[in-house]
Amino acid sequence: MSVGIERIAAYVPSYALSLRDLAVARGVPPEKMTAGLGVHEMAIAAPCEDVVTLAASAGLRCLRRAGVDPGEIGMLLLATETGVDHSKPVGIFVHELLGIGRHCRVYELKHACYAGTAALMTAADWVRAGTGRRRKALVIASDIARYELRSAGEPTQGAGAVAMLVGNEPRVLSLEADSGTYAANVYDFWRPFGRREALVDGKFSVECYLDALTGAFTQYRALERPHLAPEEALSDRLARLLYHTPFPKMAVKAHRRLVELDWKAAGQQRWAKAEATLDESVAASFRELAASGIEAVSHIGNTYTASLYLCLAGLLEREARALAGRRVGLFSYGSGCCAEFFAGTVPNGVESAADAGLRDLLKARTMIDVAEYERLMTGGEAGGEPPSAFAGEFVFRGVRNDRREYGRLRASMAA
């Protein structure tokens, strides 16, 4: 039975900050951020937005595009590392806002940025276990990446959400059952109780990411090996490769490591011959297989659990017709750490389901200056009414009597 993503929809906040403007304000060469990190803009949440409203807006858009009644959803999984309560899951707020029925499993998943993939795989297994019943799950990955002002992590902030309808009629991506996984207890990135901003050991985190990629892809390729011709190239097996992208240059580093691993696995003789031209080969391979997947996130920034799936949404909006019937590889990493490499096939006819709404959202954003950005970042959880150019479906009203309050915008304001 085929299982995978039937529909995908994205949501990003209506505000964005130019990284060039941020660099000038911080007294560093703009190229250090734009070229060094590969980021051009980062999404900034308005005071009326939080991880719940981002998730609910993406979820509603997904259900609308799929033409699915919320009552058909039997499982709602919400992946985030930007939780709003130590006990109450983000998903149950979203469950109410979307009007999903009572007979539904709802819970929150957390493992840094990997949680979106953990949710997707859990939902896919649940659909497969349906023994003939047509199950539908809604998976939403939603996060707001925050670091302290003027910290090393400041240019790698962002915000966004991706919702995926998972079932046995995949029109976006049919998931393969095999995957490679890797886990290790490391302190590369964490956010202790009581802290709004994360702590990160940047250089160590890059090392952990690459170690996890090595472990996950090596296991995946061992499972793939019996089906490979001895000299079958990576581009012969996979039409595109997508990576968890906290910043686009991380995907460049990841692709180099993956190409090295694949060449070595193909045989020592081939590796020895090719080693002298590795740089040129990796650059060409990246342009062919991975560059188009990071274009959208270069204008959004880091979105933690949603990052990999924003890459998927952006890729399909750009290249759906060319990818129909072809395989795509995906690598998911979450600090702390856990990782997974898996693959899927883009179905024929994907063009009818490829619009995730991402392109239109990016075009409609309002660019803010550094002073406004700093005001928003230091304002805390204010809640309140949306700005005039607001594109979301739901708003965070604020906290009253220790309870979070949300509202749906009137129909005339909803996107």
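Counting only residues that are within 18 Å of Asp143 (Cα to Cα) and either buried (at least 24 other Cβ atoms within 10 Å of the Cβ) or hydroxyl-bearing (Ser, Thr, Tyr) (or both), the stretch 295-336 holds 22 of them.
Applying the criterion of at least 2 residues that are touching a Cys at 6+ places or on another chain (Cβ under 8 Å) to the strands (runs of 3 or more DSSP E) found wholly in the stretch 324-415 leaves 327-334, 394-400.
Yes/no matrix, rows are residues, columns are (1) modelled with pLDDT under 95; (2) out of contact with any Ser or Thr (no Cβ under 9 Å at 6 or more places or on another chain); (3) in a helix (DSSP H, G or I); (4) open to solvent by 50 Å² or more (accessible area, probe 1.4 Å):
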{"position": "Gly160", "(1), (2), (3), (4)": "no, no, no, no"}
{"position": "Val186", "(1), (2), (3), (4)": "no, no, no, no"}
{"position": "Phe193", "(1), (2), (3), (4)": "yes, yes, no, yes"}
{"position": "Glu197", "(1), (2), (3), (4)": "yes, no, no, no"}
{"position": "Glu207", "(1), (2), (3), (4)": "no, yes, yes, yes"}
{"position": "Arg221", "(1), (2), (3), (4)": "yes, yes, yes, no"}
{"position": "Glu224", "(1), (2), (3), (4)": "yes, yes, yes, no"}
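Among the residues of the stretch 71-91, the ones that are part of a helix (DSSP H, G or I), surrounded by 17 or more Cβ atoms within 10 Å (Cβ to Cβ) and without any contact (Cβ under 8 Å) to a residue 60 or more places away in the chain come to 2 in all.
In the set (1) open to solvent by 10 Å² or more (accessible area, probe 1.4 Å); (2) touching a residue at least 12 places away in the same chain (Cβ under 8 Å); (3) aliphatic (A, V, I, L, M), the condition left unmet by Ala291 is number (2).
Looking only at the stretch 104-141, which residues are of a type in the set (Val, Ile, Thr) and assigned to a strand (DSSP E or B)? Correct list: Val106, Val139, Ile140.
The values are calculated or read from the model by the stated rules, or taken from the named source; none is laboratory data. Just so you know, these numbers come straight off a predicted model, no measurement behind them. Ideal geometry is used to build each Cβ from the backbone, glycine not excepted, and the neighbour counts take in all protein chains shown. Just so you know, the surface numbers come from the protein's heavy atoms only, side chains and all, with ligands and any DNA or RNA stripped out. Shrake-Rupley method; radii C 1.70, N 1.55, O 1.52, S 1.80 Å.
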